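So the structure is just underneath, and the comments pick up after that.
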Amino acid sequence: MLTCTQVTKDYAGVRALCDVTLDVAPGERVALLGHNGAGKSTLMKIVLGLIPATSGRVTVAGAGPGSRTAREAAAYLPENAAFHPALTGREQIALYLRLRGEAAAKAGALLERVGLGAAADRRIGTYSKGMRQRVGLAQALIGRPRLMVLDEPTSGLDPVSRREFYAILDELARAGAAILLSSHALTEVEARTDRIAILSKGRLVANDTLGALRREAGLPIQIEVAARPGTVGEVAERLSGTRVNGVRVALHCGPDDKLARLGQIAGLGGLIEDVEVMPPSLEDLYTHFSRRAGE
Amino acid sequence: MSRVIAGAGAEMRIAMRNRWVAIAVAMMALFALVLSAAGSAPTGRVGADALSVTVASLTSLAVYLVPLLALLMSFDAVAGEVERGTLPLILTYPVSRAEILAGKFLAHLAVLALALAVGYGVAAAAAFAAGPGAAAGLAALARLGATSLALGAVFLGVGYALSALARRPGAAAGLVIGLWLVLVVLYDLGLLAAVVADGGGGFTTQVFPWLLLANPADAFRLYNLAASGAAGVAAGIGGAAQTIPPAWALGSLLAWVAGGFALAILAFRRVTP
Ligand SMILES: Nc1ncnc2c1ncn2[C@@H]1O[C@H](COP(=O)(O)OP(=O)(O)O)[C@@H](O)[C@H]1O
Ligand SMILES: [Mg+2]
């Protein structure tokens, strides 16, 4: 649905994107991660045809970015969604519906879906940032888009709203929409996306499933063992781990030693209260890939 | 077309809520009332009915007021969207930049039309109340109304173009006020000074009429004064009004309507969100 091939973008003297190649297939959810200024918004604007790439090729639904076909296929949620403060939520969504050739009367249902039913007839000037973000999401849902480009869509949303937001995304992806979303909040995209792409200073330094990235990075796994009362010293010694506090012992091991380590722990039998295995977090992976690219 | 109408509908709501409708209507009505009150004093013109006299003075009013209203309504059109950050999203919709501008244009034109209808209606009512025979001036009033709207359309288009070039509402406001001063006020003063200095030479007879035609505000004035045969009451440009056929003046005004809007589209196309 979306292909970017060797996309490079220079702003007067600044290289914002360098040789980025990235595809998103129908039904796939791809998270685009990166520091501030990594080039996430720039890539999205190029995909939408808002700004031209300096070089490289982009297709959306088989057509050039910004073409009629591409614009009809794609929906966009900008980084800080803004609307005219004098219009009500319903009027604003009605306008967007009509611009996509849909009936204005659908505005009410869309606003309900993003939880703005009660505020639909208030002016957007009175909305909070989170509410404006929901208006932005509502307009992105218009007319079953085949590609959704969402720039930091959950910024300004509270945790419950984020859950609802990802539930809506899951539904869209199941219906076949290709979804590209950028985010700062790594923990929340961890479980909610099919693939992770990491941009660092304009370069794509990683682009794979979370599992594959973990294997590739080979980062140590952390195991935390909770000992029975009074046995923490013995447990720490026999597992050669580190005492964290009066009951907990922390161990580190490579991905390949995981089963052997767990076997040792099981061998202690009655000394152990509980075990927790923590794979490298997305933060760890993100740091790993960003740093590796910098060298 | 339905997309243009959708845009116009939203723009119309915004104009009402920003009180632009109320301001435009109140301004036109107020000035028309003041003119009617002043015009009811004996004018010394023999043979003219009350409405024709009113139309002549409304013409001199409209030449200042209509461009000003149009520019005040239009300067925010593109710059305001850039500043609010609403432009990138709308540009990802399957709607062309020309269609976006056309929606704003329709709405602003409707506001102007309403203000003109109220203002000129008030003036006409006063003329009819002043005495019989006012019906003789109705044709002139209709011409004035239609060309006032065209004059407004010119300055709406030019205002959008400046709004797109400036990209910031503050700068756009400065540009449109400057343009108004130059085209509507200083241009005529400059021409007048040149004509006086020329003393009836080649400039006055050969160049001056074309320079008048080239300015949409002057073309508007020329057309209305010449068409209503009231050239005599207009000081300053009366002589030239007789040498230029009214149809040319009208042609210039209409060409400016198209040219102004084309400029707006060109300038808007150059804005990168
Ligand atoms: N209009 C612009 N002109 C010049 N430089 C820009 C412009 N927009 C973005 N940049 C630069 O391009 C880089 C990438 O920015 P951006 O895509 O906004 O990053 P992100 O969205 O990942 O935070 C940054 O260094 C930023 O300063
Ligand atoms: Mg960004």
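Here is how the numbers come out for the structure above:
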| item | result |
| --- | --- |
| Any hit, the stretch A:126-149, residues being touching a helix residue (DSSP H, G or I) at 6+ places or on another chain (Cβ under 9 Å), open to solvent by 10 Å² or more (accessible area, probe 1.4 Å) and either within 16 Å of ligand 2 (Cβ to nearest atom) or at the interface with chain B (Cβ under 8 Å from one of its Cβ atoms) (or both) | no |
| So A:Gly39, is it out of contact with any Leu (no Cβ under 9 Å at 6 or more places or on another chain), open to solvent by less than 40 Å² (accessible area, probe 1.4 Å) and either more than 10 Å from chain B (Cβ to nearest Cβ) or under 30 Å from B:Ile14 (Cβ atoms) (or both) | no |
| B:Thr54 being buried (at least 20 other Cβ atoms within 10 Å of the Cβ) and within 14 Å of chain A (Cβ to nearest Cβ) | no |
| Failed item, numbered, when A:Arg15 is tested on (1) closer than 17 Å to A:Leu181 by Cα; (2) within 14 Å of ligand 1 (Cβ to nearest atom); (3) away from chain B (no Cβ under 14 Å) | (1) |
| Conditions (1) modelled with pLDDT of 90 or more; (2) under 26 Å from B:Gly260 (Cβ atoms): number failed by B:Val55 | (1) |
| Pairs with Cβ under 7 Å, 6+ apart, first in the stretch B:1-20 and more than 8 Å from chain A (Cβ to nearest Cβ) and open to solvent by 20 Å² or more (accessible area, probe 1.4 Å), second assigned to a helix (DSSP H, G or I) and of a type outside the set (A, V, I, L, M, F, W, C) | B:Glu11/B:Gly103; B:Glu11/B:Lys104 |
| The stretch A:14-40 residues that are more than 22 Å from A:Met148 (Cβ to Cβ), paired with ones that are part of a strand (DSSP E or B) and within 11 Å of ligand 1 (Cβ to nearest atom) (beta carbon under 6 Å, 6 or more apart) | A:Ala16/A:Lys9 |
| Test result for A:Ala103, aliphatic (A, V, I, L, M) and surrounded by 16 or more Cβ atoms within 10 Å (Cβ to Cβ) | no |
| Number of positions in the stretch A:17-28 that are touching a Lys or Arg at 6+ places or on another chain (Cβ under 8 Å) and surrounded by fewer than 22 Cβ atoms within 10 Å (Cβ to Cβ) | 5 |
| Selection status of A:Ser161, polar (S, T, N, Q), more than 14 Å from chain B (Cβ to nearest Cβ), within 16 Å of ligand 2 (Cβ to nearest atom) and surrounded by 15 or more Cβ atoms within 10 Å (Cβ to Cβ) | no |
| B:Ala24 vs. criteria more than 27 Å from B:Pro132 (Cα to Cα) and crowded, with 18+ Cβ neighbours inside 10 Å | yes |
| Top-ranked residue of the stretch A:253-287 - restricted to ones that are in contact (Cβ under 8 Å) with a residue 40 or more places away in the chain and out of contact with any strand residue (DSSP E or B) (no Cβ under 9 Å at 6 or more places or on another chain), ranked as least open to solvent (accessible area, probe 1.4 Å) | A:Ser281 |
| Single match in A:Ala185, A:Ala178 (criterion: away from ligand 1 (no atom under 16 Å from the Cβ) and either farther than 22 Å from A:Ile46 by Cα or open to solvent by less than 40 Å² (accessible area, probe 1.4 Å) (or both)) | A:Ala178 |
| B:Thr86 more than 14 Å from every other protein chain (Cβ to nearest Cβ), of a type in the set (S, T, N, Q) and buried (at least 18 other Cβ atoms within 10 Å of the Cβ) | no |
| Meets criteria (open to solvent by less than 20 Å² (accessible area, probe 1.4 Å), more than 26 Å from B:Val182 (Cβ to Cβ) and assigned to a loop (DSSP other than H, G, I, E, B)) for B:Tyr120 | no |
| Failed item, numbered, when B:Leu89 is tested on (1) touching a residue at least 12 places away in the same chain (Cβ under 8 Å); (2) part of a helix (DSSP H, G or I) | (1) |
| Residue in the stretch A:85-94 that is β-branched (Val, Ile, Thr), under 24 Å from the mean Cα position of the chain (by Cα) and surrounded by 23 or more Cβ atoms within 10 Å (Cβ to Cβ) present | no |
| Members of the stretch A:56-81 that are open to solvent by 40 Å² or more (accessible area, probe 1.4 Å), within 16 Å of ligand 1 (Cβ to nearest atom) and either over 22 Å from A:Pro26 (Cβ atoms) or over 24 Å from the mean Cα position of the chain (by Cα) (or both) | A:Gly56, A:Glu79, A:Asn80 |
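Residue by residue, here is whether (1) assigned by TED's automatic domain parsing to the domain that holds A:Val24; (2) under 27 Å from A:Ala16 (Cα atoms); (3) β-branched (Val, Ile, Thr) holds:
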position	(1), (2), (3)
A:Ile46	yes, yes, yes
A:Leu50	yes, yes, no
A:Thr59	yes, yes, yes
A:Ala63	yes, yes, no
A:Glu79	yes, yes, no
A:Ala86	yes, no, no
A:Arg90	yes, no, no
A:Ala94	yes, no, no
A:Gly108	yes, no, no
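Residue by residue, here is whether (1) open to solvent by 20 Å² or more (accessible area, probe 1.4 Å); (2) of a type in the set (A, V, I, L, M) holds:
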residue	(1), (2)
A:Asp194	yes, no
A:Lys201	yes, no
A:Leu213	no, yes
A:Val244	yes, yes
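Each row is one residue, and each column tells you yes or no for (1) more than 14 Å from chain A (Cβ to nearest Cβ); (2) over 18 Å from B:Gly259 (Cβ atoms); (3) aromatic (Phe, Trp, Tyr).
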| position | (1), (2), (3) |
| --- | --- |
| B:Pro67 | yes, no, no |
| B:Phe75 | yes, yes, yes |
| B:Arg97 | no, no, no |
| B:Ile100 | no, yes, no |
| B:Phe128 | yes, yes, yes |
| B:Gly131 | yes, yes, no |
| B:Ala150 | yes, no, no |
| B:Phe155 | yes, no, yes |
| B:Ala164 | yes, no, no |
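The values are calculated or read from the model by the stated rules, or taken from the named source; none is laboratory data. It should be emphasised that the depicted structure is a prediction, and the values quoted were computed from it without experimental measurement. Here the Cβ is made from the backbone with ideal geometry for all residues, glycine too, and neighbour counts use every protein chain on show. Note: accessible area is taken over every heavy atom of the protein model, side chains too, but ligands, DNA and RNA are not part of it. Shrake-Rupley method; radii C 1.70, N 1.55, O 1.52, S 1.80 Å.
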